[in-house]
Amino acid sequence: TAHTVSLLLRVLRSLTVFKTMPIEVPMSTNPLLETHALPPFAEIRAEHVEPAVETLLSESREAIDRLAEQAAATPPTWDTFAAPLEAVNDRLTKAWSPVSHLNGTMNSPEMREAYQACLGKLSDFGTWVGQHEGLFRGWQALKDGPAWKHLDAAQRRTVENALRDFRLAGVDLPADQKARYGEIQSRLSLLSNQFSNNVLDATQAWHKDIDSQETLAGVPESALDTLKATAEVKGVAGYRITLDFPSFFPVVSYADNRELRREVYTAFVTRASDEGPDAGKFDNAAIMEEILALRNEMAQLLGFATYADYSLTTKMAESPEQVLDFLNDLARRALPQAKEEFAELSAYAREELGLETLEPWDVAYASEKLREARHSISQEQLRPYFPAPQVIDGLFQVVERLYGVRFEEDTQAPRYHDDVRYFRLTENGQPIAGFYLDLYAREGKRGGAWMADCRVRRQTEQGLQLPVAFLTCNFTAPVNGRPALLTHDEVTTLFHEFGHGLHHMLTQQQIADISGINGVAWDAVELPSQFMENYCWEREGLDLLAKHVDSGEPLPAELLERLQAAKNFQSAMGMMRQIEFSLFDLRLHHELSAPSASDVQALLDEVREAVSVLPKVPFNRFQNSFGHVFAGGYAAGYYSYKWAEVLSADAWSAFEETGIFDPETGQRFRREILEQGGARDAADLFVAFRGREPSVEPLLRHSGIRAA
Ligand code: ZN
C-alpha cells in the first residue's frame, strides 16, 4: 500500500540536507509565508502558492550561497552551518506540504495550475542544491574541521548522509564527468516519462465494445456498471472493456467466456511492445535499452561496479549478492508449495470448470472460482462489524495499550474540510504530536491511502517543533446519518497508514533529515506500517475494532476463522510472483551492462524458468510496462517489498512470544525502531529490537508456507 511523502519533497530532502539562519520574513499577507503551528487552511488560496514558492526559493538560494561563503571563510560549526540550513529547508517544506496536501485532497483547477507551475521551479532548485559545490565543501569542512569532535551521533549521521547524497549527485566529479552526469540525469528523466506515456497511450489505445450482456456472463454487477458507463461516455451502445484496471481486471477474473479473457489478457500483457493488437505502435523496447545503458554508465561514473551496487548504497541491504541470496532462499522455500497450489488449481479447473489445460488467461478466473468454493467470505459480509467510529476508537486503544500515549481531538484546529478531524497525541499530559485524519472519498481527492508529513519534529531556535502527520484514506462516506461501514481491507489499510504515522509522530529525533521516516532506508520504511496490519487479523485486536453496527456483537468466531483461512489462499504462488519480479529487476541491473531488448527478454525467461509456476506464453511483454522499475523509484529495489515484509513479520513474532499487547515489548519497539527514525542503520535498529538478525521464518509461517 502506498504511503507518500510527496516525491518532490523526498527528492528535495535527499539533496538538500540543509538548514537555515532565521530569515527576515518580509511583511506580507501571504499566509504561506507566515509562521504558524498548523497550516492556516482557511486562508490559503491558489493565488498564494506561486508567489510564496518564488519568494521562498529566492530567499533560500541567497541564504545557501551566504552560508557556503561563510563556511569557506571560517570553519563551520553545527550552529553556524547545519542548523541554519535545516531551518531554510524546513521553512520551504512547511509552506509546500499544505499546498501539496490540498492539491491531493481538495483539488480544483486553480490549485492544480498553481501546483504544477511550481513543480519545475522546485525541481530546478533541487538540482541546483545537489550540485552546489560550495555547500558540499561546507559539509566537508564540518566533517574535517574542529567542530566534528563536538557533534553527537545524530549530527554526525546527518553530516555523513549529506556528503553521501552530494557524491551520489556527482558533485565531486571532474568537470567533464560532472557535465556527463547532468546529461545522463536529464536524459533519464525524459526517458522515464516517455516510458510512462507509452504505457498510458497503449492502455488507452485499446478497447473492445460488447453488445450483449450474455457475452459478459460471470462479470459482477458493479463491474458491468463500469463497462456500461464507459460505453455511455463514448456514445456507444452496450459495454466497453478497456485496459484500465477496474475494467480489465474483473473481465479476466470473472468472465466465463474464455475467448474474451484470452483477447483482453493478450492486449494487456503486450502493451507498449512489438506484440499484440497494437504491435510496434508504442514500443518501449528502445527506451528500456537506453535507460539500462545510461543507468550503468551513471553508476560507473560514480565509481560503482553496477547500477544495483549504486542503488543499494542508500538501502538496508548491503550488496546485490545479499539480496540475491535472500530472494533465492525464499524461492527455494516457497516453490514446492507454489507448485502444489498450482496443481490444485489445475485439477480444480479440469474437474469443475472443464478447462483441460490451464492457460495464462485462465489463472485468475479459475483462482476466483476456487477461492469462492474453498472460502466463501466476502468483504460485504464483514462491513457491518466495522463501523468507522468503532474502528477509530479501537485503533486508538491499540496504540494506547502498546505505547501508553493518549489521543484527544482538537475541534478548534484549522481544518480544510468538514470531514477532516484533528487529533493530538499526548503523553503524561503533554502534547507530543498531532495528525489530521481524512477518511472519506470525495470529489477532487486523489485515490488511494497515504501518510504525509505536515510538520517534522526538530529543534528550532524557538524550541521543539512537534511532528504533525496527514493521514488520508478513500473510504466510502457515511450516508443517511448512518456511520460508514468499512471492509476488512479498508480497516487494514487504515492500520497500515497509521503505522507510517506513528513512525513519523513518535520519533525522538531533533534533526529534520533523520526525524520520523526521513533518512530511513527505502527497503525498511514499510516495517512499522506492515507491522500494524497484524492487529487486524487477531482476535484480541479485532475485539477492540469490530462491533456489529446494530447489535454491538463482536465478530463471530466462525467468521473470523474463515477470514484467517482466506488470508493465505494461494500465498506461495503470490510470493513466487513477487520473487520473480524482484529477481528479474535486480539481475537486470547487476548482470547486464547495456542489454538489448532480446537480452532483457532472455533474462526474464530464465528467471521465469527458475521460479515461476504459472503457464507462459512467448508473446508476453510484461517488462515493457514494468513502470516501477523503468519509470518509478524501484530500479534495483523491487525486492524492498519482500525485504520489509520479513522485518515486519519477524518484529510481530516478538509480540507473539510475549503477547500482542505486551507493554514491555511495545516500549522496546517504540524505543528501538519508531523513535530512531534515520538516526542509525535500519539493520542495527532491528537487531537492537529483536536481539538478533532478522529471520524469514515468521514471514513464511504467517503466509502459511510450510517449512521446506
Ligand atoms: Zn506503506
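The values are calculated or read from the model by the stated rules, or taken from the named source; none is laboratory data. Just so it is clear, the structure is predicted and the values come from calculations on it, not from any experiment. Here the Cβ is made from the backbone with ideal geometry for all residues, glycine too, and neighbour counts use every protein chain on show. The accessibility values were calculated without ligands, DNA or RNA, using every heavy atom of the protein model including side chains. Shrake-Rupley method; radii C 1.70, N 1.55, O 1.52, S 1.80 Å.
Given (1) closer than 30 Å to residue 675 by Cα; (2) open to solvent by 70 Å² or more (accessible area, probe 1.4 Å), where does residue 151 come up short, assuming only one miss?
(2)
Do we find a residue being among the β-branched types (Val, Ile, Thr) and assigned to a loop (DSSP other than H, G, I, E, B) anywhere in the stretch 502-513?
Checked the stretch 502-513: at least one residue is among the β-branched types (Val, Ile, Thr) and assigned to a loop (DSSP other than H, G, I, E, B).
Residue by residue, here is whether (1) within 16 Å of the ligand (Cβ to nearest atom); (2) at positive phi; (3) open to solvent by less than 40 Å² (accessible area, probe 1.4 Å); (4) in a loop (DSSP other than H, G, I, E, B) holds:
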| residue | (1), (2), (3), (4) |
| --- | --- |
| 459 | no, no, no, no |
| 479 | no, no, no, yes |
| 500 | yes, no, yes, no |
| 525 | yes, no, yes, yes |
| 535 | yes, no, yes, no |
| 540 | no, no, no, no |
| 553 | no, no, no, yes |
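Take the residues in the stretch 379-395 that are open to solvent by less than 20 Å² (accessible area, probe 1.4 Å) and under 26 Å from the mean Cα position of the chain (by Cα), then tell me which one is nearest to residue 482 (Cα to Cα).
Residue satisfying both the conditions and the ranking: 388.
Where residues in the stretch 57-111 are outside any helix (DSSP H, G or I) and among the hydroxyl-bearing types (Ser, Thr, Tyr), which of them is farthest from the chain's Cα centre (by Cα)?
74
Could you figure out which of (1) open to solvent by 10 Å² or more (accessible area, probe 1.4 Å); (2) within 16 Å of the ligand (Cβ to nearest atom) isn't true of residue 470?
Failing condition for residue 470: (1).
Determine which single condition residue 235 fails, assuming it passes every other condition in (1) open to solvent by 80 Å² or more (accessible area, probe 1.4 Å); (2) part of a loop (DSSP other than H, G, I, E, B).
(1)
Residues 704, 677: which one is out of contact with any strand residue (DSSP E or B) (no Cβ under 8 Å at 6 or more places or on another chain), crowded, with 22+ Cβ neighbours inside 10 Å and not acidic (Asp, Glu)?
677
More than 16 Å from the ligand (Cβ to nearest atom) and surrounded by fewer than 19 Cβ atoms within 10 Å (Cβ to Cβ): does that describe residue 448?
no
Are any residues in the stretch 283-307 open to solvent by 40 Å² or more (accessible area, probe 1.4 Å) and either part of a loop (DSSP other than H, G, I, E, B) or over 18 Å from residue 169 (Cα atoms) (or both), and if so, which ones?
Selection gives 283, 286, 289, 290, 303, 304, 305.
Could you list, ordered by first residue, the pairs with Cβ atoms under 7 Å in which the first is in the stretch 610-630 and closer than 16 Å to residue 279 by Cα and open to solvent by 30 Å² or more (accessible area, probe 1.4 Å) and the second is hydroxyl-bearing (Ser, Thr, Tyr) and assigned to a loop (DSSP other than H, G, I, E, B), at least 6 apart or interchain?
619/270; 621/270; 621/273
For the stretch 269-276, state whether one or more residues are within 27 Å of the chain's Cα centre (by Cα) and open to solvent by 50 Å² or more (accessible area, probe 1.4 Å).
no
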